[in-house]
Amino acid sequence: MTTGEPKLEELLELAVSIALEAGRALSDRFSAAGPTQVVTDSVRSKSSRTDLVTEADQASEHLIVSRLAAARPGDAVLAEESGSTEGTSGLTWVVDPLDGTINFVYGLPVFGVSIACRSNSTTQVGVVHDPIRQETFTALAGGGAYRDGVRLRLDPGPPLGEALVGTGFSYESDRRRAQGRLLAHVLPEVRDLRRAGAAAIDLSWVACGRLDGHYEAWLAPWDHAAGSLLVTEAGGTVEEILGLLAGHEAVPTLVAAAPGLGPPLRDLLISAR
């Protein structure tokens, strides 16, 4: 970054403070709803009848966007619920205020807040906060990835047949059908598959070694901007592959993995074509 621009550490500090505040608000709402109660009030559909948005999403996004606007009024923002706002600084904040909305609605304790900052389309800062586990994952471009201040450094990873791999699915039935065909090809060739329901959390888990890899199509920038930086700064690989899903060949699939697992996982996915 050029002279006069904010230091990455300052942007990271801002992102962490806002993510923690948003996480506390989400945790309070989640606790108030009860751990097993399906929340039905103030819920509406988004892209499909199974894709939901809640007042919690909207309140979290309002908090994050307003804090960013107060601290960095010249920056652009790309947020899941409200879309994009223009800026003059060359920096863009990419925000998922509640990644894992369906989990949140059903009382499943896997969701998080994802905030990234981009300069010239390159992610420079990434934060994923898990308010239930009280874990905060952070990364700076060229500065490493951390979980609660402890450096993350990935091992090469296991052989493909011993790999625990995460994935996720679209909320539209035609897309899920294509993803299901790919899953049927992958499942027999790995240790097992997991579907946590929050891509930012999944990518954070790849970065810290809880998952060996993760692949998913139809991710929006706010789903993976922070998480992808976490994986690469922890020493893993992230790439997008076209043509994996029959009938949706123009759709990229994001593939993140421990460093030694990236090539064989890529080859396995490509062999499903």
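The values are calculated or read from the model by the stated rules, or taken from the named source; none is laboratory data. Note that the structure is a prediction, hence the values are computed from the model and not measured. We place every Cβ from the backbone using ideal geometry, glycine too, and count neighbours over all the protein chains shown.
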Notebook entry, point to check: Only one residue in 161, 149, 180 is surrounded by fewer than 15 Cβ atoms within 10 Å (Cβ to Cβ) and in contact with a Lys or Arg (Cβ under 8 Å, 6 or more places away or on another chain). Which one?
Noted result: 161
Next item on the list: Could you check how many residues of segment 206-235 are farther than 19 Å from residue 266 by Cβ and assigned to a helix (DSSP H, G or I)?
Entry: 9
Notebook entry, point to check: Within segment 116-132, which residues are farther than 13 Å from residue 19 by Cβ and surrounded by 13 or more Cβ atoms within 10 Å (Cβ to Cβ)?
Noted result: 118, 119, 123, 124, 132
Notebook entry, point to check: Within segment 252-267, which residues are surrounded by fewer than 19 Cβ atoms within 10 Å (Cβ to Cβ) and either touching a helix residue (DSSP H, G or I) at 6+ places or on another chain (Cβ under 8 Å) or at pLDDT below 95 (or both)?
Noted result: 264
Check: touching a helix residue (DSSP H, G or I) at 6+ places or on another chain (Cβ under 8 Å), closer than 29 Å to residue 83 by Cα and modelled with pLDDT of 95 or more: does that describe residue 233?
Finding: yes
Notebook entry, point to check: Which of the residues spanning segment 257-273 are touching a residue at least 40 places away in the same chain (Cβ under 8 Å) and either in a loop (DSSP other than H, G, I, E, B) or more than 19 Å from residue 230 (Cβ to Cβ) (or both)?
Noted result: 258, 259, 260, 261, 264, 268, 269, 271, 272
Notebook entry, point to check: So which residues in segment 168-189 are assigned to a loop (DSSP other than H, G, I, E, B) and touching a helix residue (DSSP H, G or I) at 6+ places or on another chain (Cβ under 6 Å)?
Noted result: 168, 169, 170
Checklist line | Subset of segment 74-85 that is loosely packed, with under 15 Cβ neighbours inside 10 Å and within 14 Å of residue 117 (Cα to Cα) - its residue that is nearest to the chain's Cα centre (by Cα) | finding: 84
Note to self: Test of understanding: among 225, 220, which residue is on the phi < 0 side of the Ramachandran plot, outside the structural domain of residue 82 (by TED's automatic domain parsing) and surrounded by fewer than 16 Cβ atoms within 10 Å (Cβ to Cβ)?
What the structure shows: 220
Next item on the list: Taking residue 228 as the residue in question, decide whether it is closer than 27 Å to residue 103 by Cα and in contact with a helix residue (DSSP H, G or I) (Cβ under 9 Å, 6 or more places away or on another chain).
Entry: yes
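Kindly establish whether residue 243 is surrounded by fewer than 20 Cβ atoms within 10 Å (Cβ to Cβ), in contact with an Asp or Glu (Cβ under 8 Å, 6 or more places away or on another chain) and not in a strand (DSSP E or B).
On the way: surrounded by fewer than 20 Cβ atoms within 10 Å (Cβ to Cβ): yes; in contact with an Asp or Glu (Cβ under 8 Å, 6 or more places away or on another chain): yes; not in a strand (DSSP E or B): yes.
Taking the combined requirement at face value, the residue satisfies it.
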Notebook entry, point to check: residue 192: surrounded by 22 or more Cβ atoms within 10 Å (Cβ to Cβ) and of a type in the set (D, E, K, R), yes or no?
Noted result: no
